[in-house]
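Note sheet for the following structure.
The values are calculated or read from the model by the stated rules, or taken from the named source; none is laboratory data. As the structure is a computational prediction, the values presented were derived from the model and not from experiment. Reconstructed Cβ throughout: ideal geometry from the backbone, glycine too, with neighbour counts over all protein chains shown.
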Amino acid sequence: MKYYNNVLETIGNTPLIKINKLAKDFPALLLAKVETTNPGNSVKDRMALKMIEDAEAQGKIKPGGTVIEGTSGNTGMGLALACIAKGYKLVCVLSDKQSKEKMDILRAVGAEVVVCPTNVEPDDPRSYYSVSKRLAEETPNSWYVNQYDNPSNAIAHYEQTGPEIWEQTGGEITHFVVGVGTGGTISGVGKYLKEKNPGVEILGIDTYGSVFKKYHETGVFDENEIYPYITEGIGEDILPKNVDFSVIDHFEKVTDKDAAVYTRRLAREEGIFVGNSAGAAIAGVLQMKDRFKEGDVVVVLFHDHGSRYVGKMFNDDWMRDRGFLDEGFKNAEELVKSHGERDLITCGCEELVSHAVAKMKSNNISQIPITKDGKFAGFVDETKLYQQIIDESITMDTALSAVMEEPLPIVSSSAKIEEVSAKVSRNVPAVLVDLGNNKYHIITRHDLINAIQ
C-alpha cells in the first residue's frame with residue numbers, strides 16, 4: 001500500500017504548467033509553478049510547517065501551546081494544518097482588506113480569527129502587526145511566528161521550492177518571477193537558483209502603494225510611496241527581514257486593476273484557478289516581455305487558489321464597483337444597464353431637506369433629481385446640501401424647492417459616452433438618461449470614470 005501518514009506529508013512537489021493563450025505573443029517559454037496542489041492550497045504551507053518544526057526544535061513552542069500570527073490568510077491556513085496535526089491552538093490576525101473567504105476558511109479549520117483595520121501605520125496598536133505581538137505577550141504558553149522576520153520562511157523555499165524548480169526545468173530556467181510580500185519565497189528560491197547558476201534573473205512583482213521597488217532601486221524607504229491598495233498577498237509598508245534585496249534583480253509594479261483582470265483571465269483562458277497575487281504576477285511578466293528572448297525559460301510562481309477570491313476578483317459586481325471591468329460602454333443606455341434593475345431615486349419639490357438626506361444615506365447616492373407635477377424641476381447634491389447645513393443657511397426642515405438647483409441635463413439613451421461626458425462639469429455632477437416610456441436613469445461622474453478604458 002502507498003499512503004501518507006498525515007496531510008503534512010503531501011506538501012510540495014507542485015506542478016509546472018505551460019502558459020499558452022496568455023503567452024501567445026511572449027518570446028520565451030513561460031511556465032507556471034502552481035502551488036494550489038499543496039493541502040492548504042498555497043505556497044505558504046511550505047514555510048508554515050518549516051517555521052513550526054524549527055520552533056519545536058528550538059524549544060520555542062511547548063505541547064498544548066498556542067501559535068499566534070499576523071497573516072493575509074494563506075500562512076494562517078498552512079499553520080492551521082500543522083497545528084491540527086501537532087495539537088496546537090492557533091490565533092490568526094488579519095487585516096480587514098482580506099477576503100471573507102480567507103477568514104471563513106481559517107475558522108473552518110479551527111483557527112481563532114482576529115480582524116484589524118488596514119489603513120493604519122504598522123506601529124499603530126490597532127495594526128495586525130501590533131495586535132499579533134500583543135496577543136503573544138498576553139497569552140500563556142504561546143509563540144509569535146513573525147513570518148516577516150522568521151528566517152525559517154526563506155529557508156523552506158531554499159530547501160524545497162528552489163530545488164523543485166531547478167529539477168523540473170532540468171536546470172534550464174533563466175528567469176524566476178514571483179510576487180513579494182514577506183519575501184520568503186523570492187529570497188529562498190532566488191538564493192538557491194543563483195547558487196546553481198548566477199545568471200538566473202530573479203524578478204519581484206510589487207504593487208502600487210508598496211515600498212519595495214523604490215527601496216530596491218534607491219535605498220530610500222519613502223513613506224510617500226505608501227497608500228492603500230487592493231491587491232492581496234504582495235507589497236508591504238515595512239521592510240521584512242526575509243526580503244533579501246541582494247538576490248533580486250528587478251521589481252515590477254502592477255496596478256490593482258491589472259492584477260484583478262489577469263486573475264480572471266488565468267481562470268478563463270488557461271483553466272488555472274488561482275488567486276490575486278497570481279494575477280499580479282502574470283500581468284507583471286507580460287509587462288516585462290521585452291526583458292525576455294527566444295530560448296529563455298521563465299518560471300512564474302502562483303501562490304494560492306482562486307476559491308479565496310470568489311467574492312472579490314471573480315465577482316462581477318465587485319469588479320464593476322471598482323471600475324475593473326472593461327465593459328466597453330458605447331452609449332448611455334449600455335452604461336446605465338450596469339446599474340442593474342435599480343430605479344431612479346427622486347424627491348418631490350414639496351419634500352424637506354431631511355427627506356433627501358435620508359434617501360441619500362439609505363441608497364448610498366450623492367445627487368437626487370427633484371420633481372414637480374411629474375417633471376424634473378431641479379436637483380440637490382450632497383456636498384452643497386452639507387455645506388449649507390453647516391453654514392446654517394438652511395435647516396433639515398427647509399423645503400427642497402428652496403434649495404434645489406437647475407434641472408440636470410437630459411440625454412437620449414443612444415447618446416455617446418463622449419456626449420454625456422461633455423455635459424458633466426464642476427457645477428453639473430450628473431445627467432439623466434431618457435430610456436423611453438417615461439423611464440429615466442442617472443449617470444454620475446463616478447459612472448463616467450468607471451467607463452474610461
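Side notes on the structure shown:
- For residue 344, the conditions (1) out of contact with any Lys or Arg (no Cβ under 9 Å at 6 or more places or on another chain); (2) in a loop (DSSP other than H, G, I, E, B) all hold with the exception of (1).
- Counting the residues of segment 293-313 that are of a type outside the set (S, T, N, Q) and surrounded by fewer than 18 Cβ atoms within 10 Å (Cβ to Cβ) gives 6.
- Any chance residue 154 is over 18 Å from residue 73 (Cβ atoms), over 22 Å from the mean Cα position of the chain (by Cα), surrounded by 15 or more Cβ atoms within 10 Å (Cβ to Cβ) and at pLDDT below 95: no
- Flag if residue 146 is more than 24 Å from residue 252 (Cβ to Cβ), crowded, with 20+ Cβ neighbours inside 10 Å, under 23 Å from the mean Cα position of the chain (by Cα) and not basic (Lys, Arg): yes
- Residues of segment 83-95 that turn out to be over 15 Å from residue 105 (Cβ atoms) and not hydroxyl-bearing (Ser, Thr, Tyr), as a count: 6
- Residue count for segment 206-230, restricted to those that are of a type in the set (Val, Ile, Thr), modelled with pLDDT of 95 or more and part of a loop (DSSP other than H, G, I, E, B): 2
- Criterion: under 30 Å from residue 265 (Cβ atoms), more than 25 Å from the chain's Cα centre (by Cα) and of a type in the set (A, V, I, L, M, F, W, C) - qualifying residue of 344, 352, 335, 325: 335
- Cβ-Cβ distances below 6 Å connect the following pairs, each with a first residue in segment 10-35 that is more than 19 Å from residue 276 (Cα to Cα), a second residue that is of a type in the set (Ser, Thr, Tyr) and assigned to a loop (DSSP other than H, G, I, E, B), and a separation of six or more residues or different chains: 10/4.
- Taking first residues from segment 231-250 that are assigned to a loop (DSSP other than H, G, I, E, B) and partners that are among the hydroxyl-bearing types (Ser, Thr, Tyr) and surrounded by fewer than 19 Cβ atoms within 10 Å (Cβ to Cβ), the Cβ contacts under 7 Å between residues at least 6 apart in sequence or on separate chains come to 235/229.
- Screening 295, 311, 323 for residues that are assigned to a loop (DSSP other than H, G, I, E, B), small (Gly, Ala, Ser), at pLDDT below 95 and assigned by TED's automatic domain parsing to the domain that holds residue 185 leaves exactly one candidate, 311.
- Residue within segment 383-393 that is crowded, with 17+ Cβ neighbours inside 10 Å, in contact (Cβ under 8 Å) with a residue 24 or more places away in the chain and in contact with a Cys (Cβ under 9 Å, 6 or more places away or on another chain) present: no
- Subset of segment 77-129 that is out of contact with any Phe, Trp or Tyr (no Cβ under 6 Å at 6 or more places or on another chain) and polar (S, T, N, Q) - its residue that is nearest to residue 39 (Cα to Cα): 98
- Hey, residue 368 over 22 Å from residue 329 (Cα atoms) and either at pLDDT 95 or above or touching a strand residue (DSSP E or B) at 6+ places or on another chain (Cβ under 7 Å) (or both) or not: yes
- Tally of residues being out of contact with any Phe, Trp or Tyr (no Cβ under 8 Å at 6 or more places or on another chain) and more than 22 Å from residue 71 (Cβ to Cβ) across segment 182-213: 5
- Restricting segment 90-124 to residues that are basic (Lys, Arg) and in contact with a Gly (Cβ under 7 Å, 6 or more places away or on another chain), the residue that is surrounded by the fewest Cβ atoms within 10 Å (Cβ to Cβ): 100
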